[in-house]
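**Q** Pasting in a structure now, in structure tokens, and then I'll have a few things to ask.
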Amino acid sequence: MTSSGLKDVVVPLPIQIVIDDVGWWTPTDGSAKDEPFRSGMPRAHVPADYVAIARLGNRLGMRPQAAMMLCDWDRDLLLRELPEATWMGRDWNHPWCEHPHLDEAAQILNDEADHLEIVVHGLAHEWWGGPTMERAEWANPEGVMRPRHLLERHLEVYAAILRRNGLAGEHEGLPPFFVPCAFRHSFGEGSDGIAGLLAQVGISYVSTPFSSMRQLATPQTDRIAIECGVMTVDRGGGSPSWKHVAASPPEAVDGPIIGLHWPNLLHQDPSRNDEVIDDWVAALTRIGQAPDRWLAPDTPSAWSQLAHVECTQIVQDGNGIGFDFTALDALPSTVALGEFVVKTTQRSPPRFAAGVHVLDSTWNPGGHHWLTRLAR
Ligand SMILES: [Zn+2]
């Protein structure tokens, strides 16, 4: 007998928060004059804008992704060596090289490393390899990858800027997470494509909307695309508009990613950022109480959980709750998929079939369910 229609056992959809375009100090949308769109925030960014991200993560017990732009952190003007990476080419310069905000923000990012994830996003977001600015840094508007030898340099310089600012953290180089600029991305080119390049530099966790991803192969499931060991998750759509400052949180979440733009979580007055964050914390806490949703503590947990949502079958009979991992095991090899959670809504503790490896089980009084962590 397979799972009953009562849905008293659920592999809940994970939720991870992805915040794009963190890292700009200059906020101005420069797209009308061949400069980057930047964050569009109607005031300059300040270190308190990093505190806001950490507060969100800390209060939710999550590590939201801070997908970072780094050209405003380029203290040594390394981007002069990559003329296609900025609107100034070999004359690249910017006003933030000596600014104390960089040290202050780096300190916050390091002190709060347990409450956020630094994610590779880009250097200056767009591409200046032709007569005018083009979207975007990693691929053109059709999703065709930029020349690989240049992108290798972009990733090297990205890592160098992280190191120079003391942000390389435990990874000593690039973090294993990536969001393509402007969601220009492709899937299905194997080791010659962007996934092959990302795998080469140790990046294995990617997200982008599948609706705008160039697809030369069919993703393995509706929301998962794996190649070269890299697992790309469908970000979906339906986010607040990118320039919306202090956006209201959603009533419900129907995909694994809440895709946000930094200003969505910030206040026009940075001393009031907490008010915006606390609204999001309240809304997401409520959403996470649902038996079929789970606020994932970090990206590896979220990606693993999503694979189980897509592939793992619940098998429930007189012996207790068990699982069929046939479809999961048929996925190509990729990031660790060993752990997942289930929620059970009966008041009595869940009873699992012999052989199921339970890590721990806790009763959630607010959501009236048991949350059980399991391992393969
Ligand atoms: Zn972006």
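Each reported figure results from applying straightforward, stated rules to the coordinates on display, with no laboratory input. For clarity, every value in this text was computed on a predicted model and none was experimentally measured. Glycine also receives a Cβ, built like all others from the backbone with ideal geometry; neighbour counts cover every protein chain displayed.
**Q** When the helices in the chain are scored as -39500 (n - 2.57) per DSSP H run of 4 or longer and the sum is shared across all residues, what 222 nm value do you end up with, to the nearest 500 deg cm²/dmol?
**A** -6500 deg cm²/dmol
**Q** Further, regarding this structure: Length gain on complete extension for the stretch residue 375 to residue 353, per 0.36 nm per residue less the alpha carbon to alpha carbon distance?
**A** Gain on stretching residue 375 to residue 353: 6.6 nm.
**Q** OK, next. Residue separation times 0.36 nm, minus the C-alpha to C-alpha distance between residue 274 and residue 243: what's the value?
**A** 9.3 nm
**Q** State to the nearest 20 debye the size of the charge dipole of the range 1-139 about its Cα centre, where the only charges are +1 on K and R beta carbons and -1 on D and E beta carbons.
**A** Computed charge dipole of the range 1-139: roughly 480 debye.
**Q** How big is Rg to Rh over the chain, alpha-carbon atoms, Rh as the Kirkwood inverse-mean-distance radius?
**A** 0.99
**Q** Just name one of 99, 150, 266: the one whose Cα is farthest towards the positive end of the charge dipole of the range 16-288 (beta-carbon charges, Lys/Arg +1, Asp/Glu -1).
**A** 150
**Q** Further question on the same structure: Take every Cα-Cα pair in the range 149-281 and report what % of them are more than 18 Å apart.
**A** In whole percent, the share of Cα-Cα pairs in the range 149-281 beyond 18 Å is 63.
**Q** So if I place +1 on the C-beta of Lys and Arg and -1 on the C-beta of Asp and Glu, and nothing else carries charge, what would the dipole magnitude of the chain be about its Cα centre? I want it in debye, nearest 20.
**A** Here the size comes out at about 680 debye.
**Q** Among 245, 18, what is the fewest-to-most ranking by other Cβ atoms within 10 Å?
**A** In order of increasing Cβ crowding within 10 Å: 245, 18.
**Q** Now for a different question. Contact order normalised by length for the range 38-137, with contacts defined as Cα pairs under 8 Å and 6 or more residues apart; what percent is it?
**A** 36 percent
**Q** While we're on this one: Counting alpha carbon pairs within less than 8 Å and at least 6 residues apart, what relative contact order, in whole percent, applies to the chain?
**A** 20 percent
**Q** What is the Rg over Rh value, at two decimals, for the range 294-375, using alpha-carbon atoms and the Kirkwood definition of Rh?
**A** When Rh is taken as the Kirkwood radius, the ratio is 0.96.
**Q** So for 260, 337, fewest C-beta neighbours within 10 Å to most, what's the order?
**A** The order, fewest Cβ neighbours first, is 337, 260.
**Q** Normalised by the residues of the range 294-375, what does the relative contact order come to in percent, with Cα pairs under 8 Å and at least six apart?
**A** Relative contact order comes out at 27 percent.
**Q** Same structure, new question: Size of the dipole of the range 26-90 about the Cα centre, Lys and Arg at +1 and Asp and Glu at -1 on the beta carbon, nothing else charged, in debye to 20?
**A** Magnitude of the dipole: close to 380 debye.
**Q** Using Cα springs under 10 Å in a Gaussian network model of the chain, which residue among 16, 215, 65 shows the largest mean-square fluctuation?
**A** Comparing 16, 215, 65 in the GNM, the peak value goes to 215.
**Q** Can you list the residues of the range 210-236 with backbone N under 20 Å from a point 7 Å past the Cα of residue 254, pointing along Cα to Cβ?
**A** 210-213, 221-224, 233-236
**Q** Sort out for me the Cα centre separation of the range 36-103 from the range 276-316, rounded to whole Å.
**A** Comparing the Cα centres of the range 36-103 and the range 276-316, I get a distance of 29 Å.
**Q** Evaluate the distance, in nm, between pseudo-label points positioned 7 Å from the Cα of residue 163 and of residue 368 along their respective Cα→Cβ axes.
**A** 5.6 nm
**Q** Can you sort 333, 186 from fewest to most other Cβ atoms within 10 Å of each residue's own Cβ?
**A** Ranking 333, 186 by Cβ neighbours within 10 Å, fewest first, gives 333, 186.
**Q** With springs connecting C-alpha atoms under 10 Å apart, model the chain as a Gaussian network and identify which of 180, 270, 14 has the largest mean-square fluctuation.
**A** The residue that fluctuates most here is 270.
**Q** Quote the FRET efficiency, to the nearest 0.05, computed for residue 289 versus residue 43 with a Förster distance R0 of 41 Å and r equal to the Cβ-Cβ distance.
**A** Calculated transfer efficiency: 0.75.
**Q** Separate question: Counting DSSP beta bridges with both partners in the range 16-288, what percentage is antiparallel, nearest 5?
**A** DSSP beta bridges in the range 16-288 are roughly 20 percent antiparallel.
**Q** Let me ask another. Taking the Cβ of residue 133 as the center, what net charge do the other residues with Cβ under 14 Å away carry, scoring Lys and Arg +1 and Asp and Glu -1?
**A** Charge balance near residue 133 sits at -2.
**Q** When all alpha-carbon pairs of the range 9-152 are counted, what percent fall beyond 20 Å?
**A** 52 percent
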